[in-house]
Amino acid sequence: MPHEVRAVVARKRGAPVEVQPVNVPDPGRGEALISVQACGVCHTDLHYREGAINDEFPFLLGHEAAGVVEEVGDGVTDLLPGDYVVIAWRAPCGSCRSCRRGRPWYCFASRNAAQPMTLLDGTPLSPALGIGAFAEKTLVAAAQAVKVDPAARPEVAGLVGCGVMAGYGAAVNTGGVTSGDTVAVIGCGGVGNAAVAGASLAGARRVIAVDIDSAKLDGATRFGATHVVNSRWADPVETVRQLTGGHGADVVIDAVGRPETYQQAFAMRDLAGTLVLVGVPDPETTIDLPLIDVFSHGGALKSSWYGDCLPSRDFPILIDLHLSGKLDLKGFVTEKIGLDEVEEAFDRMRRSEVLRSVVVI
């Protein structure tokens, strides 16, 4: 029997989201029914609402979630009802060309639930990032549900499912930050501050936070930034060079994803330095770089997809870091809200008033 639950639905491009009853099926083979306890409000959900991801409306929004396994389908052997999980939007298939090459963090055929969740009239819903967790219950592939220590509160644990993992992984996995490195992070929202925290935990000698918002820069120091640069008032490239002995940073992380920030990140690297793009660009934007500078500067220009993470490995690590007091996940939570307040949370996000609003169910 399907489960009728309340959920946040985006019916058409740019329209305010609505809380509506939806049907969630019992889990089929390889699937798990999750009772959602908390879900962060991420920029990606707003991108879905605006039609910037694709046009497969209506969308069931929400993807940064923690909850409890309620039921599993046939063939599921590593999950049991009652297990406390963070939901991942990457669940490596184990058989695509990337997985076969030993790179499951790039899996090109990530698993999702086979059955659709629907409106009450039977209209199929497109779940955001294959999750759809602004809902009392959601259906996912069992491999998307990663067991973590239940001592972590759901409102902080869920953040590991997207924003925190993306930023932390951009520094540690993609950027390869190691002890003694100098690191600059452009953009100090949730993802950027997670990159700051990741670089600090990896042993970076200097972690330089760059933003145009003084309040965000103050927050970055709480996550481990050793220096801050307000690029509204100071040239960020020149200032980062001054703070790194005139050389530039070993690793620069662009958590904004705009042409101007990417160009700044490119210019503030040391020779043979690494640039990591983790901020999601607008699909219409382009970048223009002198090819001789790309050649002569050397190093690496990388994109970080989901922090190049392996959820089954990395989620429990981040939760353990939090529980040991080394990663302040609580610091990312600006406010806790209900399902009916997601549209207002999007407005606060646009105004840069929050790191994360978290829906608690």
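The values are calculated or read from the model by the stated rules, or taken from the named source; none is laboratory data. A quick note: this is a predicted structure, and the numbers were derived from the prediction, not measured. All Cβ positions, glycine included, derive from the backbone under ideal geometry; neighbour counts span all protein chains shown. For accessibility, only protein heavy atoms count, side chains too; no ligands or nucleic acids. Shrake-Rupley method; radii C 1.70, N 1.55, O 1.52, S 1.80 Å.
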>> As an exercise: evaluate Ala204 against (1) free of Cβ contacts under 8 Å to residues at least 60 places away in the same chain; (2) in contact with a helix residue (DSSP H, G or I) (Cβ under 7 Å, 6 or more places away or on another chain) and give the number of the one condition it does not meet.
In response: (2)
> Is it true that Gly224 is among the small types (Gly, Ala, Ser), at pLDDT 95 or above, open to solvent by 40 Å² or more (accessible area, probe 1.4 Å) and more than 13 Å from Asp181 (Cα to Cα)?
Replying inline: no
>> Condition check: in a strand (DSSP E or B) and touching a Leu at 6+ places or on another chain (Cβ under 8 Å). Does Leu275 satisfy that?
In response: yes
> In segment 323-342, how many residues are under 17 Å from Ala65 (Cβ atoms), part of a helix (DSSP H, G or I) and among the acidic types (Asp, Glu)?
Replying inline: 1
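Go over the candidates Pro2, Pro21, Pro25, Pro58 one by one and state the one that is modelled with pLDDT under 95 and touching a strand residue (DSSP E or B) at 6+ places or on another chain (Cβ under 8 Å).
Values: Pro21 fails: modelled with pLDDT under 95; Pro25 fails: modelled with pLDDT under 95; Pro58 fails: modelled with pLDDT under 95.
Of Pro2, Pro21, Pro25, Pro58, the one residue that is modelled with pLDDT under 95 and touching a strand residue (DSSP E or B) at 6+ places or on another chain (Cβ under 8 Å) is Pro2.
Name the residue, out of Val19, Val9, that is surrounded by fewer than 18 Cβ atoms within 10 Å (Cβ to Cβ), more than 19 Å from the chain's Cα centre (by Cα) and among the β-branched types (Val, Ile, Thr). Talk me through it step by step, then tell me what you get.
Working: Val9 fails: surrounded by fewer than 18 Cβ atoms within 10 Å (Cβ to Cβ).
So the residue among Val19, Val9 that is surrounded by fewer than 18 Cβ atoms within 10 Å (Cβ to Cβ), more than 19 Å from the chain's Cα centre (by Cα) and among the β-branched types (Val, Ile, Thr) is Val19.
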> In segment 301-335, what residues are among the basic types (Lys, Arg) and surrounded by fewer than 16 Cβ atoms within 10 Å (Cβ to Cβ)?
Replying inline: Arg313, Lys326, Lys330
> What residue, of Ala143, Ala114, Ala184, Ala195, is among the small types (Gly, Ala, Ser), open to solvent by 10 Å² or more (accessible area, probe 1.4 Å), touching a residue at least 40 places away in the same chain (Cβ under 8 Å) and outside any loop (DSSP other than H, G, I, E, B)?
Replying inline: Ala143
> Can you pull out the residues in segment 66-83 that are open to solvent by 20 Å² or more (accessible area, probe 1.4 Å) and out of contact with any Phe, Trp or Tyr (no Cβ under 8 Å at 6 or more places or on another chain)?
Replying inline: Glu70, Glu71, Val72, Asp74, Gly75, Val76, Thr77, Asp78, Leu80, Pro81, Gly82, Asp83
>> Return the residues of segment 163-181 that are open to solvent by 10 Å² or more (accessible area, probe 1.4 Å), within 30 Å of Val72 (Cα to Cα) and in contact with an Asp or Glu (Cβ under 9 Å, 6 or more places away or on another chain); say none if nothing qualifies.
In response: none
>> Report every pair of residues separated by at least 6 positions or lying on different chains whose Cβ atoms are under 6 Å apart, first residue within segment 334-345 and closer than 14 Å to Ala10 by Cβ, second of a type in the set (S, T, N, Q).
In response: Ala345/Ser357
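Report whether or not Ser200 is within 30 Å of Glu50 (Cβ to Cβ), open to solvent by 30 Å² or more (accessible area, probe 1.4 Å) and at pLDDT 95 or above. Please lay out each step first, then the result.
On the way: within 30 Å of Glu50 (Cβ to Cβ): no; open to solvent by 30 Å² or more (accessible area, probe 1.4 Å): yes; at pLDDT 95 or above: yes.
Criteria not met by Ser200.
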>> Restricting to segment 204-258, name every residue that is in a helix (DSSP H, G or I), over 24 Å from Cys42 (Cβ atoms) and among the charged types (D, E, K, R).
In response: Glu238, Arg241
> Looking at Ser312, Ser303, Ser296, which is the one that is closer than 25 Å to Met165 by Cβ, in contact with a Leu (Cβ under 9 Å, 6 or more places away or on another chain) and polar (S, T, N, Q)?
Replying inline: Ser303
> Filtering segment 146-161 down to residues that are touching a Phe, Trp or Tyr at 6+ places or on another chain (Cβ under 7 Å) and part of a loop (DSSP other than H, G, I, E, B), which residue is farthest from Trp305 (Cα to Cα)?
Replying inline: Pro150
> Limited to segment 274-300, what total is found for residues that are open to solvent by less than 50 Å² (accessible area, probe 1.4 Å) and within 24 Å of the chain's Cα centre (by Cα)?
Replying inline: 7
> Any residue in segment 318-339 that is of a type outside the set (Asp, Glu), farther than 17 Å from Asn193 by Cβ and under 16 Å from the mean Cα position of the chain (by Cα)?
Replying inline: yes
>> Cβ-Cβ distance below 7 Å, separation of 6 or more or different chains: which pairs start in segment 259-272 with a residue that is buried (at least 21 other Cβ atoms within 10 Å of the Cβ) and end on one that is among the basic types (Lys, Arg)?
In response: Met268/Arg241
>> What's the number of the only condition in (1) over 15 Å from Ala145 (Cβ atoms); (2) touching a residue at least 24 places away in the same chain (Cβ under 8 Å); (3) touching a Phe, Trp or Tyr at 6+ places or on another chain (Cβ under 8 Å) that Cys96 fails to meet?
In response: (2)
